[in-house]
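Presented below is the structure to which this report refers.
The values are calculated or read from the model by the stated rules, or taken from the named source; none is laboratory data. Computed from a predicted structure; not experimentally measured. Methodologically, a virtual Cβ is constructed for each residue, glycine included, from the backbone with ideal geometry; neighbour enumeration extends over all protein chains shown. Surface areas here come from the heavy atoms of the whole protein model, side chains and all, with no ligands, DNA or RNA. Shrake-Rupley method; radii C 1.70, N 1.55, O 1.52, S 1.80 Å.
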Amino acid sequence: MITIRKTKFNVNSTEGRLLLLVLLSEISTLVSGSTGDRTQFFRNCRENCERTNCSLNGKEIQEQAVKFYKQSIFDLITQWTCADECQYACMWRTVFAFFERGWPIPQFYGKWPFCRLMGMQEPASVFFSLLNFLMHLRMLRKFRREVRDDSPCYILCHIFGLTSLNGWIWSSIFHTRDNPLTELLDYACGYAVVLSCLYCMIMRMLHRYSLFLRGVITLAFVSYYINYFAYLSLGKLNYSFNMKVNVCTGLLSAVGWFIWCHQVRTRRPYFRRILRFYVLFALAMSLELFDFPPILWILDAHALWHLSTIPLVSVYYNFMIEDCCTLRKEKALKGDYSLAYTYNKNI
Ligand SMILES: [Zn+2]
């Protein structure tokens, strides 16, 4: 439920009307793609609200305004300051001002307006991120139950699983409360998951090769990731560049698996599982291309993207379970990997 918190700013007052006129004058800017936070209406509302309701540092709500805000325990835990409350209230005032005039719903600071729930900024994305986390936990347990720990590539599933669990934790934290630190960690840990997919693909292909070679490649991956993390944390976070890097890394692992599928199509019928995973993943990712105001102020394209990845988790783990079990059987039949076996194309 959307609750518009009262501020000292009154839209029906003379000042309010004047501000609406200013808003009208801003329509040309809005048509050219500017977001709601750039409107004078929003800026004045926020400034006025902060001046009358907040302490000098913008953190504390002044005594006379406390009853209007009625912050819940969740709002306090997630550290909603007075300035944040003003921003939230003025965002909805601006949205309704736009809505009443039949103008398109504006974005604020690059985001659609979301209804806050239990202190969470984007509740649907938080909920689906947590479901993804639980799904990874469930499937990692299934993997550990069904695959013996002496199986080839046993560790790879754990690397992927633990990276994913970490990624979904940060995704839920970021969607709960968006600030530069949670944004950085969501992007960086999200990229770690995509990179771990590429790493697992390469290590799976080279699992019969020497420990030295695999060690060198692992070091290269770790140093590349540290560099990328440093780049994300030092520079201004560039959303489109980060997205391109994610897509390129994901494409590399998809191409690697497609080649593998082609090579083993007669020997390993379970290749269809990984093929299915990447095809479905590409379809799910296309949701990220859509951009529309949240349905019921809760469900946007990004939340749907997080929802769509939940069923894909089991497809990936089931492939790894079958692959590890098959490799173990082959290892048991042929003994430990000899050099001759290394050059056998039976990957
Ligand atoms: Zn997200």
Per the filter on region 305-319, residues more than 15 Å from the ligand (Cβ to nearest atom) and open to solvent by 20 Å² or more (accessible area, probe 1.4 Å) are PRO311, SER314, VAL315, ASN318
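Within region 204-226, is there a residue that is under 30 Å from ARG116 (Cβ atoms), free of Cβ contacts under 8 Å to residues at least 24 places away in the same chain and assigned to a helix (DSSP H, G or I)? Steps first, answer last, please.
Taking region 204-226 and keeping what is under 30 Å from ARG116 (Cβ atoms), we get none.
Among the residues of region 204-226, not one is under 30 Å from ARG116 (Cβ atoms), free of Cβ contacts under 8 Å to residues at least 24 places away in the same chain and assigned to a helix (DSSP H, G or I), which makes the answer no.
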Members of region 260-300 found to be open to solvent by 90 Å² or more (accessible area, probe 1.4 Å), part of a helix (DSSP H, G or I) and free of Cβ contacts under 8 Å to residues at least 40 places away in the same chain, listed by number: HIS262, ARG272, ARG276, LEU283, LEU289
What is the one condition in (1) open to solvent by 20 Å² or more (accessible area, probe 1.4 Å); (2) within 15 Å of the ligand (Cβ to nearest atom); (3) not polar (S, T, N, Q) that ILE202 does not satisfy? (2)
Pairs where the first residue, in region 186-198, is within 14 Å of the ligand (Cβ to nearest atom) and the second is not in a helix (DSSP H, G or I), C-beta under 7 Å, 6+ apart: TYR187/LEU237
Which one of these does CYS49 not meet: (1) under 24 Å from the mean Cα position of the chain (by Cα); (2) away from the ligand (no atom under 16 Å from the Cβ)? (1)
Return the pairs, sorted by first residue and then second, in which the second residue is of a type in the set (Gly, Ala, Ser) and away from the ligand (no atom under 13 Å from the Cβ), the first residue lies in region 163-177 and is farther than 22 Å from LEU299 by Cβ, the beta carbons are less than 7 Å apart, and the residues are 6+ apart or on different chains. THR163/ALA192; THR163/SER196
Among the residues of region 124-176, write down those that are among the small types (Gly, Ala, Ser) and away from the ligand (no atom under 16 Å from the Cβ). SER151, GLY161
Please give the number of the condition ASN166 fails out of (1) farther than 17 Å from ARG138 by Cβ; (2) open to solvent by 40 Å² or more (accessible area, probe 1.4 Å); (3) of a type outside the set (A, V, I, L, M, F, W, C). (1)
Go through (1) charged (D, E, K, R); (2) open to solvent by less than 20 Å² (accessible area, probe 1.4 Å); (3) in a loop (DSSP other than H, G, I, E, B) one by one and return the number of the condition ASP178 breaks. (2)
So is GLN62 in contact with a strand residue (DSSP E or B) (Cβ under 7 Å, 6 or more places away or on another chain) and either modelled with pLDDT of 85 or more or more than 26 Å from ILE173 (Cα to Cα) (or both) or not? yes
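Quick check on ASP84: is it more than 30 Å from TYR316 (Cα to Cα), more than 16 Å from the ligand (Cβ to nearest atom) and open to solvent by 10 Å² or more (accessible area, probe 1.4 Å)?
Working: more than 30 Å from TYR316 (Cα to Cα): yes; more than 16 Å from the ligand (Cβ to nearest atom): yes; open to solvent by 10 Å² or more (accessible area, probe 1.4 Å): yes.
It is true that ASP84 is more than 30 Å from TYR316 (Cα to Cα), more than 16 Å from the ligand (Cβ to nearest atom) and open to solvent by 10 Å² or more (accessible area, probe 1.4 Å).
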Please report, ordered by residue number, the helices (runs of 4 or more DSSP H) entirely within region 48-164 with at least 1 residues that are basic (Lys, Arg). 66-69, 82-100, 123-146
